[in-house]
Amino acid sequence: RRYPTVEIRAETFNASTHVPVPSDSAFLKALLFELRFVDDHIFVEHRDTCTRINHSSVYSVRTEGGDLWPVLAFQKSGLIYACLPLVEETLEPRPPLLTVSGLSQGLALLLGIVDYISPSRKNEAEMTAKIGQLRNLLIQACPLGTPLNTNIRSLNSSFDDIQEMPTDENQPAWRSNTYKGKPQVNVCITEKVKCMQYDKRDVVDMWQVYGAVNCKCDIEGSAPNVTLSLNLPTNGPPLQDIVVHHCVTSVDPAMLMSSSAEPLDDSVYSGPYKFPFIPPSDSFNLCYYTSQVPVPPILGCYQLIEEGSQLKITVNLKLHESIKNSFEYCEARIPFFNRGPIAQLEYKVSYGQLDLSREKSLLVWIIGQKFPKSLEVSLTGTVSFGTAGKEHPTDYVCTGNTAYVKLYFRIPDFTLTGCYVDQHSIQIFAPGKPKITASGELISSDYYIWNSKAPAPMLYKTLLD
């Protein structure tokens, strides 16, 4: 979709440095070239030079009229999502990405389209139908080039529905329809923990918690007011890097000032975290946050030693005593890169069961739904390999004995920070007594334990006195 009014504004802002947007076919060709989907076997200096390593999804696309920047593009489930945000300032010199507000708006819109299309990616007919409706939906979501509602799934798919929408001047743009029925509020706190453990004295282990508070508010009225509070236990780690949804009407500035980039001090805001808001019609993430918890949920040690044609492996895992010992699932996956299929395996596990993947290059240690009373489990074994084929996994980072164990787990009704929703503090200024449901979950995300007997990729902050 093109917006002539936006293109005119871009020309006004950029004057002599303005690069016109080419035809759809020419833009697509240039974009595929930039993303290396065509001619990827040819070295092109402006695209492939080592001095131009892209650390984001923002690209400069070379066209006949010049370089188009910033083009926001990424691939998801076999589709390419792209947009060209307006930069409301001069492009020479290029401004920092963080100052271009159109980038965050464009990303939110693209992610809304992904959320709308991706559930149908396995059904080609359904996906084609959804893509056919997308133009009508974009008229509502982004009528004149500025995103008004990035939740594409909540929009109506036909013009008839649009004309029948109620016109209440108090109803905000993000409430696409009104609810009729018994009021109910569902809140779920999802925390994901990332971790890098090295089991080395001279290397600092790293872990970080990322949280999201998802809400679904079925409440009558065109603009109902809701206030929700997040609480922490006594001495719980404070929430940091808080980002709130645009439907939040006001927030304590001190809540937004706590940043993980700065050391914690006694004055940091530790709650309760109050969020007054007018909820959208569909489910949405009320806020995101990070937290610096004192310990990771599972401590691990991985040792891999090569002896002749065999590998000797030892894995020890310990669940911290403060963690709820009740998993929906918990497993450790041990991949073997740049080697042939596993030809011989001898092992001993203190708990759970060990499976070999079908391609015989991955050990899956299923720990199950509970750790034993000792909260410790161990695996020892020897592995030998056959001749490597093309189908076996390779990795440019994990060569030799540089290897890792990756943990996958989910703990329902638990958060690592202890963050919870006080149901009694939820205030709803609407008729009727609502049914309130609150839950939480802790999920692993990029949870790595590196082989302590070999060098491992490291990214950590030096501790300064």
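Taking amide hydrogens as placed 1.01 Å from N in the peptide plane, the amide H of ASN225 sits under 5 Å from those of PHE429, each at least 5 positions away in sequence or on another chain. Relative to the dominant Cα principal axis of the chain, helix 101-117 is inclined by about 70°. For the peptides 198-210, 274-286, the ranking by mean Cβ contacts within 10 Å, running from highest to lowest, is 274-286, 198-210. Cross-link reach is defined here as a Cα-Cα straight distance under 22 Å, omitting same-chain residues fewer than 8 places apart; for LYS216 the lysines meeting it are LYS180, LYS182, LYS192, LYS274, LYS433, LYS435. Model label points for ALA388 and ASP252, set 7 angstrom from Cα along the Cα-to-Cβ axis, are 5.6 nm apart. What FRET efficiency would be calculated for the residue pair ARG333, VAL243, taking the C-beta separation as r and a Förster radius of 35 Å, to the nearest 0.05? After rounding, the FRET efficiency stands at 0.65. Ellipticity at 222 nm from helices only: DSSP H runs of n ≥ 4 in the chain, each -39500 (n - 2.57), divided by the residue count, give -4500 deg cm²/dmol.
Each of GLN292 and LEU28 was given a label point 7 Å from its Cα along the Cα-to-Cβ line. The distance between the two points is 4.9 nm. In degrees from 0 to 90, rounded to the nearest 10, what is the angle of the helix 124-141 Cα long axis to the longest principal axis of the chain? Relative to the chain, helix 124-141 is tipped by roughly 50 degrees. Of all stretches in the chain that contain no GluC sites (Glu not before Pro) in a DSSP loop with at most 15 other Cβ atoms within 10 Å, the longest one is 221-320. A Cβ-based charge dipole, computed about the Cα centre of the range 4-155 with Lys and Arg at +1 and Asp and Glu at -1, lands at about 520 debye. Taking 0.36 nm per residue of separation and subtracting the current Cα-Cα distance, fully stretching the chain between GLN344 and ALA261 would add 25.1 nm.
Rounded to the nearest 10 degrees, the inclination of helix 4-14 to the longest alpha-carbon principal axis of the chain is 80 degrees. Taking Cβ atoms as reference points and 13 Å as the exclusive limit, the residues near THR382 contribute a net charge of -1, counting Lys and Arg as +1 and Asp and Glu as -1.
Each Lys and Arg contributes +1 and each Asp and Glu -1, all at the Cβ; summed about the Cα centre of the range 298-413, the dipole is approximately 100 debye.
Evaluate E = 1/(1 + (r/R0)^6) for THR399 and ALA129, where r is the Cβ-Cβ distance and R0 equals 41 Å; express this FRET efficiency to the nearest 0.05. With a Förster radius of 41 Å, E is 0.30. Please label the shape of the range 4-155 as rounded, prolate or oblate, based on the square roots a ≥ b ≥ c of the eigenvalues of the alpha-carbon gyration tensor (a/c under 1.5 means rounded; beyond that, a/b larger than b/c means prolate, else oblate). Verdict is oblate for the range 4-155.
Were the residues from VAL38 through LEU148 laid out at 0.36 nm apart, the gain over their Cα-Cα distance would be 36.1 nm. The modelled label-to-label distance for the pair ASP115/THR99, using points 7 Å beyond Cα in the direction of Cβ, is 3.1 nm. Taking square-rooted eigenvalues a ≥ b ≥ c of the alpha carbon gyration tensor, is the chain rounded, prolate or oblate, where a/c under 1.5 means rounded and, failing that, a/b exceeding b/c means prolate? Because a/c hits 1.5 or more and a/b fails to exceed b/c, the chain counts as oblate. If R₀ is 56 angstrom, what is the calculated FRET efficiency for the pair SER283 and GLU306, using the beta carbon separation as r and rounding to 0.05? Step by step, r from the Cβ atoms, then E = 0.65.
Over all other residues within a Cβ to Cβ distance under 14 Å of PRO95, the charged ones net out to -2, with Lys and Arg as +1 and Asp and Glu as -1.
Every number here is computed from the coordinates shown, using simple stated rules; none is lab data. Source: prediction; values computed, not measured. Quick reminder, even Gly has a Cβ in these numbers, built from the backbone with ideal geometry, and neighbours come from all protein chains shown.
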